[in-house]
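This structure is in structure tokens; I'll ask about it shortly.
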Amino acid sequence: MLVKDFIDNTLTSDNFNKMVVNLIGHFGAMVREIEHNRPEFSQIMERKLLWTDDNALLGAKDFPAKYNAEYGMYFSTEAYEDNPTFLAFKEKLTQFQEAVKALPAEISKEDKGLIETSTLRNLFPVEKEDGKVQMPRIFAAKDGNVQVLTEENYGFNGKRDLDFYDMFNTGVYSFEEVAYYELNKEDGSSLEAADLKDFDCNTILGHLLVFMVRYGYTAADFENFVENFDIIG
């Protein structure tokens, strides 16, 4: 199963708001990290180079969400349905869901396409021994833990938790690229639709979405960031 197919199968009206809250929590944590501990990234916010300069979205840093370490996700027990930040992120996730549904069913494994210039190819192995392109592999455990196979010349060879990677230790990448990554079970076999009933799909989905939308929820979001990224630093 490809990541995009997992999203199509699991992002529903039943868990949509929960995913929105989790995205707000993680985005808010990133903004706070930049403001307090990462001065070298401050111009991203000051020059409005991130995919948004919407005050409602930037309000994520003050949104009433609490981190649950067991799941690696943010939750909220307060009323938030009318919160401007919640409404803004809900609209962004709606746009993302529509964009993922509109993606082609598959891309050629022999066509480097989305990953030929990707900064992530330095992190996650993408080529088979015969030189043909293989999409990076993500592994999901039944309890919701998500790992990605990491390139050995990055200094770590093997699987590593997906949430280890953030905007401070990866390059810039598009959600469209990650959508075609292969999603596997822990043993390396493909995760299929029939398997989903045995997995904590909400937690898996939460981790995947946070990783995918870091640089934008739509192609336009991503392009806006890339246009300005060369002046960062």
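The values are calculated or read from the model by the stated rules, or taken from the named source; none is laboratory data. Because the structure is a prediction, the values reported are computed rather than measured. Here the Cβ positions follow ideal geometry from the backbone for every residue, glycine too, while neighbour counts run over all protein chains shown.
Going by the structure shown, is Thr203 within 14 Å of the chain's Cα centre (by Cα), of a type in the set (S, T, N, Q) and closer than 29 Å to Glu40 by Cβ? Even if it seems obvious, please write down each step before you answer.
On the way: within 14 Å of the chain's Cα centre (by Cα): yes; of a type in the set (S, T, N, Q): yes; closer than 29 Å to Glu40 by Cβ: no.
Criteria not met by Thr203.
Now, a different point. Can you name every residue in the stretch 160-183 that is surrounded by 17 or more Cβ atoms within 10 Å (Cβ to Cβ), out of contact with any His (no Cβ under 8 Å at 6 or more places or on another chain) and without any contact (Cβ under 8 Å) to a residue 60 or more places away in the chain?
Tyr165, Thr170, Tyr173
Please go through the stretch 184-199 and pick out each residue that is surrounded by fewer than 16 Cβ atoms within 10 Å (Cβ to Cβ), of a type outside the set (S, T, N, Q) and assigned to a loop (DSSP other than H, G, I, E, B).
Glu186, Asp187, Gly188, Glu192 - these are the residues of the stretch 184-199 that are surrounded by fewer than 16 Cβ atoms within 10 Å (Cβ to Cβ), of a type outside the set (S, T, N, Q) and assigned to a loop (DSSP other than H, G, I, E, B).
Okay, next question. Out of the helices (runs of 4 or more DSSP H) lying entirely within the stretch 6-84, which hold 3 or more residues that are under 15 Å from the mean Cα position of the chain (by Cα) and modelled with pLDDT of 85 or more? Explain how you work it out, then say what you get.
Values: elements: 16-37, 42-46, 55-58.
Helices (runs of 4 or more DSSP H) meeting the threshold: 16-37.
Let me ask something additional. Take the stretch 200-233 and flag every residue that is in contact with a helix residue (DSSP H, G or I) (Cβ under 9 Å, 6 or more places away or on another chain), assigned to a loop (DSSP other than H, G, I, E, B) and within 25 Å of Lys92 (Cβ to Cβ).
Val213, Arg214, Tyr215, Gly216, Tyr217, Thr218, Ile231, Ile232
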